[in-house]
Amino acid sequence: MVKLTFYGGVEEIGGNKILLDDQGTKIFLDFGMSFKRRGLYFEEFLMPRSANGIGDFLELNLVPDIKGVYRDDLLEHFGRKSENPEIDAVVLSHAHADHANYISFLHKDIPIYCGETCKYILEAVKEQSQRTIENEVIDYKQRPVFKCDYRKPPIKRKFHTFRTGNKFHIDSIEIEPIHVDHSVPGAYGFIIHTSEGVIAYTGDLRMHGLHAEMTSDFINTAKEAKPIAMITEGTRIDTGQTNESEEKVHSHAKKEISSCKDLAIVDFNFKDVDRFTTFYKIAKELGKKLVISFKHACFLERYHKDKILRTPDSTDDHILLLKPKRLTGTYIDDDYSDYYIKKRLNYPNIITADDIRKKPSDYVVVLNFWYLNMLVDLKPENGVYIHSLSEPFNEEMEISYERMMNWLNQFNLKFVQSHCSGHICGSDLKNLVTDIKPRLLYPIHTEHPDMFKKLDINTRVVGEGKVYKL
Ligand SMILES: [Zn+2]
């Protein structure tokens with residue numbers, strides 16, 4: 001018998017932790033953080049405490065309270081006894097935080113299986129972020145950390161990486177990862193061969209991106225496998241045909257940037273390599289330089305390692321690295337203590353806001369929301385700002401959005417929205433489901449699981465923590 005239990009990602013977007021138990025072999029498909037659930041209790045200055053181990057997360061049901069899953073140190077810190085791991089593996093679909101981040105809490109002996117590029121991205125995330133117990137996916141520091149332990153090296157997790165089609169086994173379960181197109185490279189769907197038959201898991205995917213053929217590969221393999229069940233994402237089941245595309249983002253943004261006589265600023269998620277490539281191309285085509293941050297360089301250098309992605313290195317002729325003002329504000333080497341900046345200070349292509357102000361029309365600057373204060377140094381006059389991200393969909397995002405608008409108005413920047421989603425639209429999703437035709441459908445990663453019932457497929461709207469037998 002196979003048992004499926006769904007934690008997180010149920011009636012919400014993301015946060016998936018799907019437990020698959022095939023005659024005692026237990027794997028988790030993803031182990032993500034739910035932004036929505038976390039946001040019910042926490043905000044910027046009201047944070048979960050690392051000083052309570054895993055306690056705050058268990059008490060608030062941000063992770064399920066189940067046995068044999070979590071790190072010894074975090075359990076003991078919370079006053080519980082350590083437990084032997086009862087999970088054989090985590091199979092990770094892609095590197096987005098809502099699928100990956102709470103791997104941070106897992107017992108060190110639980111191996112993680114993910115795509116090769118997915119691992120690169122997790123490493124880039126680690127390199128440029130401050131360590132907290134919510135982002136210790138690659139490795140973790142044993143807690144509590146006393147002063148004498150500061151120099152102790154972190155404990156590394158066991159990773160196994162794959163490429164599309166590389167089947168692997170976890171005891172009796174055979175897993176076939178198939179690449180899918182999503183707004184992050186190294187994203188996979190899985191064809192899982194269990195003792196009861198095949199279970200397909202879509203991960204996050206789409207058909208309107210630059211690599212629809214990868215998603216088609218998944219659909220075809222899943223269809224041929226005649227799955228007894230499919231777990232599907234349903235982020236946008238409530239939309240119809242949207243006609244969005246990366247090509248449209250390219251032509252729209254290029255038109256706006258070419259007609260701007262001053263500085264062009266863009267904001268997009270750097271995990272999205274296709275979006276990076278779009279803006280890199282635009283800058284190149286218009287004879288401009290693309291200015292990125294030291295944080296972005298951590299990602300770009302990993303993408304460059306994957307030859308299939310065909311991305312430039314961070315020292316490319318058309319790329320510049322923007323030096324942030326720190327401490328004295330005079331750009332001296334002593335101002336920088338973050339290792340990811342320090343180790344790149346000798347790059348030949350470093351630029352400051354003062355240099356950019358000399359001829360702003362030569363540049364396209366990638367500036368994320370948290371760095372809008374750099375506008376004070378960049379001082380654009382009649383520039384354009386391209387928001388290449390989704391529009392706000394909750395109250396917190398609305399507030400940030402309003403703040404962003406204040407910055408843009410202050411510096412007289414023309415606002416342009418240009419984006420295409422990482423998630424499959426409703427009509428493509430309906431085609432995907434009816435094409436694969438699983439015997440049973442479990443929609444997750446959606447606020448509208450009921451909408452799947454309209455399809456001619458036996459659908460189960462899942463409940464948090466309930467066990468479904470196959
Ligand atoms: Zn995703």
**OP:** Answer with yes or no whether GLU256 is of a type in the set (D, E, K, R), touching a Lys or Arg at 6+ places or on another chain (Cβ under 9 Å) and over 30 Å from TYR113 (Cα atoms).
**Re:** yes
Original post:
Just one of the numbered conditions (1) away from the ligand (no atom under 16 Å from the Cβ); (2) open to solvent by 30 Å² or more (accessible area, probe 1.4 Å); (3) modelled with pLDDT of 95 or more is not true of GLN130; which one?
Top reply: (3)
Subject >> Matching residues in segment 429-467 - criterion: being within 16 Å of the ligand (Cβ to nearest atom) and of a type in the set (Asp, Glu) >> reply: GLU447
Original post:
What number of residues within segment 91-108 are buried (at least 17 other Cβ atoms within 10 Å of the Cβ) and more than 16 Å from the ligand (Cβ to nearest atom)?
Top reply: 4
Original post:
Of all residues in segment 23-50 being over 17 Å from LYS469 (Cα atoms) and charged (D, E, K, R), which is farthest from the ligand (Cβ to nearest atom)?
Top reply: ARG49
**OP:** Considering only segment 357-434, give the strands (runs of 3 or more DSSP E) lying wholly within it that have at least 2 residues that are open to solvent by 10 Å² or more (accessible area, probe 1.4 Å) and free of Cβ contacts under 8 Å to residues at least 60 places away in the same chain.
**Re:** 414-417
**OP:** For segment 12-22, state whether one or more residues are more than 16 Å from the ligand (Cβ to nearest atom), buried (at least 22 other Cβ atoms within 10 Å of the Cβ) and within 21 Å of the chain's Cα centre (by Cα).
**Re:** no
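Before we move on, is MET214 more than 28 Å from LEU320 (Cα to Cα) and in contact with a helix residue (DSSP H, G or I) (Cβ under 6 Å, 6 or more places away or on another chain)?
So MET214 fails the test.
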Subject >> Answer from GLU174, GLU213 - the residue that is open to solvent by 20 Å² or more (accessible area, probe 1.4 Å) and in a helix (DSSP H, G or I) >> reply: GLU213
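The values are calculated or read from the model by the stated rules, or taken from the named source; none is laboratory data. Treat the numbers as computed from the prediction; the structure is a model and nothing was measured. Counting neighbours? That spans all protein chains shown, and the Cβs are built from the backbone with ideal geometry, glycine included. Quick note on the areas: whole protein, heavy atoms, side chains included, nothing else; ligands and nucleic acids left out. Shrake-Rupley method; radii C 1.70, N 1.55, O 1.52, S 1.80 Å.
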